[in-house]
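Worksheet: the structure to be examined is printed underneath.
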Amino acid sequence: MSGSPVKPWKGKAKAADTDFDDLDPVITYRQLYSQALGVRDPLRVIALCDSDAFYAACEMVRLGVTDQPLVVLQWESLIAVNYPARKFGISRMDKIKDAKARCPELMVVHVATYKEGEKEPGYWENVDSRTHKVSLDYYRRESMKILGMFKEMLPDAEIEKASIDEAFIDFTRPVRAILLQRYPYLAEPPKDAPNGIDTAVPPPPQISWDGLGFLIPVDTSPSKAVRTKFGYTLSAGIARNKFLAKLSASYRKPNSQSILRNSAIPNYLKPMAFQKIRFLGGKLGDALAKEYDVSNKFGEGAIWVYEILRRCTVKAKSVVNKSMLASKNLPQPITKASEGHHWIRVLAAELALRLKDAREANPNLWPKTLVLHARKGYEASRSKQAAFPFNRDFNVDVIAAAGDKLWKDLVGSATTMKVTSVQLAFTGIETAESGQQSIAGFLGTKRPREEDNTDQEENDVTKKLFFVCFRCKKEVRLPTSSVSGDETADEAALGEMKMEHSDWHFARDLSKEADDPVTLREPLKEPVKKKKRAKEPPKSKEGIEKFFTKR
């Protein structure tokens, strides 16, 4: 093997043969043994697993159909077309009338929706965007099942969820481990190695790439297991980095696996429009082409795009979302305050279901704050927020009641309005730290004491008079004036102080996100402009009242 170190990208310079020297690098024993080379590892193996026509596949599994042409409908638009339907020339750009004309046997499934009075979404007849809200919860749950199987079968690989139907998998470590197991003579450099650990490893054995199926060396292929257990087919792309893996995953869908070898990269990229690279489509791709005067091909003028993008690592993301958002863009604006409660309850149903699903996986999960946003047209939204206390028996009614209160605070005394978008969100979602037995303990509520520690706790009441904040690391002590001497009362007062201090942190966090956040002690008010001739400044409107006019 021969090669040279990785070179920096060349801007507008034309690509030359030397631009691809790193595709056939010299691999040394040091690189083989290293575990921390990251994107510069010449032995990197990255895969992108993509679920085929995922929304349509989910509905096929739910309905128990296999080869039936099927499309998924959201209001009047097609959002998914399965592969049997694609054989009739149906695409997501088609109208439902045209799709049925091409395939009279076409099965049409509208996505599940929430409607007022129902605690969970359902597949209703005569859905109406004016009264219903789309639910993607079923697809999210199926996605988590597939991701969970990946993590179960590949414990040594880094797995990053890319979207609801995609996941990146870094096979570098497991592949390296099996490589050393399969070829034990690579376990240490030869005694006569001229450069010691920096000596190049021997050339690899010849591989015939014809007819190879699942080349990833694991006991059982994850894609086969997903199909067997859940009924979904996957297409995978395997390459040296995330972007190439993404590009090659869609090469021969469905139910395929494409391996992009280093030597094939130049010829694979040159005829391809660079806008097909992840994040480089649409306006960004057009701006990039205009700024650097490049064509839409990967030839001599644009190979540097690949040089920029090839350095990217797979990072396992936290399974805990810090927020949950339910939103609705209203086809008919809310014009009366009473109309808002209908949508508050619909949004509350979605949040209740999503929080329930999350707590099934992690019982110690709980949001700190409930936030309501409302917007008129394209104007900046207005919001109200409030702490969301822990409630072991929470349901739609609990969330809807809290949302209704926020709505009343936003609306105030306005009699007319025109709200075109409503959002209800949980923010500040966290889990109890290790050592805490329950979410109740995390939120500062009282827990029963262990009987064998009763005497010790009674003799050490001072431990209950302060706590250390895990965020600001400050010791917060119960004021002397608040100490009653009664252990139960003091513990309750300390718990209340802990909650208040924690809410203060989350209020500060939300002030960076919300357009009109409400602090713990005083609601924010608009600054009053001074008028020279006015005797008294006019009273400023608060919150969403700016959207409304009184008759």
Top-ranked residue of the range 131-152 - restricted to ones that are closer than 25 Å to Val109 by Cα and small (Gly, Ala, Ser), ranked as nearest to the chain's Cα centre (by Cα): Ser143
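Here are Gly340, Gly377: which of them is among the small types (Gly, Ala, Ser), touching a strand residue (DSSP E or B) at 6+ places or on another chain (Cβ under 9 Å) and surrounded by fewer than 16 Cβ atoms within 10 Å (Cβ to Cβ)? Working first, answer last.
Values: Gly340 fails: surrounded by fewer than 16 Cβ atoms within 10 Å (Cβ to Cβ).
Answer to the check: Gly377.
Can you name the residue in the range 167-208 that is among the acidic types (Asp, Glu) and in contact with a Lys or Arg (Cβ under 9 Å, 6 or more places away or on another chain) and is also least open to solvent (accessible area, probe 1.4 Å) among such residues? Give the derivation first.
The initial filter retains those residues of the range 167-208 that are among the acidic types (Asp, Glu), namely 170, 188, 192, 198.
Subset that is in contact with a Lys or Arg (Cβ under 9 Å, 6 or more places away or on another chain): 170, 198.
Working: Asp170: 29, Asp198: 75 Å².
Going through the qualifying residues, I end up with Asp170.
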Are there any pairs with C-beta distances below 6 angstrom linking a residue in the range 223-242 that is within 13 Å of Leu147 (Cβ to Cβ) to a residue that is in a loop (DSSP other than H, G, I, E, B), with the two at least 6 apart or on different chains, and if so which? Val226/Tyr232
Ala414 vs (1) hydrophobic (A, V, I, L, M, F, W, C); (2) modelled with pLDDT of 90 or more; (3) over 16 Å from Met324 (Cβ atoms): all pass except (2)
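Within the range 147-170, can you find the residues that are hydrophobic (A, V, I, L, M, F, W, C), in contact (Cβ under 8 Å) with a residue 40 or more places away in the chain and out of contact with any Leu (no Cβ under 8 Å at 6 or more places or on another chain)?
At the first step, the residues of the range 147-170 found to be hydrophobic (A, V, I, L, M, F, W, C) are 147, 149-150, 153-154, 157, 159, 162, 164, 167-169.
Still in the list and also in contact (Cβ under 8 Å) with a residue 40 or more places away in the chain: 149-150, 153-154, 159, 162, 164, 167-169.
Matches in the range 147-170: Met149, Phe150, Met153, Leu154.
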Given the conditions (1) under 26 Å from the mean Cα position of the chain (by Cα); (2) at pLDDT 85 or above, and given that Lys283 satisfies all but one, which numbered condition is not satisfied? (2)
Considering only the range 133-166, how many residues are closer than 30 Å to Ile334 by Cα, in contact with a strand residue (DSSP E or B) (Cβ under 7 Å, 6 or more places away or on another chain) and open to solvent by less than 20 Å² (accessible area, probe 1.4 Å)? 2
Scanning the range 77-114 for residues that are out of contact with any helix residue (DSSP H, G or I) (no Cβ under 7 Å at 6 or more places or on another chain) and under 30 Å from Ala400 (Cβ atoms) gives Ser77, His110, Val111, Thr113
Residue list for the range 393-408, filter: within 26 Å of Asn364 (Cα to Cα) and in contact with a Gly (Cβ under 8 Å, 6 or more places away or on another chain): none
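Of the residues Ala326, Ala289, only one is small (Gly, Ala, Ser), at pLDDT below 75 and touching a Phe, Trp or Tyr at 6+ places or on another chain (Cβ under 9 Å); which?
Details: Ala326 fails: at pLDDT below 75.
Answer to the check: Ala289.
Being under 27 Å from Tyr232 (Cβ atoms), open to solvent by 40 Å² or more (accessible area, probe 1.4 Å) and free of Cβ contacts under 8 Å to residues at least 40 places away in the same chain: is that true of Glu105 here? Break it down stepwise before answering.
Values: under 27 Å from Tyr232 (Cβ atoms): yes; open to solvent by 40 Å² or more (accessible area, probe 1.4 Å): yes; free of Cβ contacts under 8 Å to residues at least 40 places away in the same chain: yes.
The answer is yes for Glu105.
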State which residue is nearest to Asn195 (Cα to Cα) when the search covers only the range 23-37 and only residues that are open to solvent by less than 30 Å² (accessible area, probe 1.4 Å), assigned to a helix (DSSP H, G or I) and not hydroxyl-bearing (Ser, Thr, Tyr). Leu32
Give me the residue from the range 228-252 that is closer than 18 Å to Ile164 by Cα and open to solvent by 30 Å² or more (accessible area, probe 1.4 Å) and, out of that set, farthest from the chain's Cα centre (by Cα). Gly231
Can you work out which of the residues in the range 253-270 that are of a type in the set (D, E, K, R) and modelled with pLDDT of 85 or more is surrounded by the most Cβ atoms within 10 Å (Cβ to Cβ)? Lys253
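For (1) assigned to a strand (DSSP E or B); (2) in contact with a helix residue (DSSP H, G or I) (Cβ under 7 Å, 6 or more places away or on another chain); (3) not basic (Lys, Arg), each residue gets a yes or a no:
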position: Ser129; (1), (2), (3): no, no, yes
position: Phe150; (1), (2), (3): no, yes, yes
position: Arg173; (1), (2), (3): no, no, no
position: Leu180; (1), (2), (3): no, yes, yes
Long-range neighbours under 7 Å by Cβ, at least six apart or interchain, first residue over 10 Å from Leu106 (Cβ atoms) within the range 61-88, second polar (S, T, N, Q) and open to solvent by 20 Å² or more (accessible area, probe 1.4 Å): Trp75/Ser129
Subset of the range 52-79 [more than 27 Å from the chain's Cα centre (by Cα) and buried (at least 22 other Cβ atoms within 10 Å of the Cβ)]: Pro69, Leu70
Residues being within 27 Å of the chain's Cα centre (by Cα) and at pLDDT 95 or above: count how many of those fall in the range 88-109. 1
Asp98 passes all but one of the listed conditions (1) open to solvent by less than 50 Å² (accessible area, probe 1.4 Å); (2) on the phi < 0 side of the Ramachandran plot; the exception is number (1)
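The values are calculated or read from the model by the stated rules, or taken from the named source; none is laboratory data. No experiment lies behind these values; they were computed from the predicted model shown. All Cβ positions, even for glycine, are placed from backbone atoms using ideal geometry, and neighbour counts span all protein chains on display. The accessibility values were calculated without ligands, DNA or RNA, using every heavy atom of the protein model including side chains. Shrake-Rupley method; radii C 1.70, N 1.55, O 1.52, S 1.80 Å.
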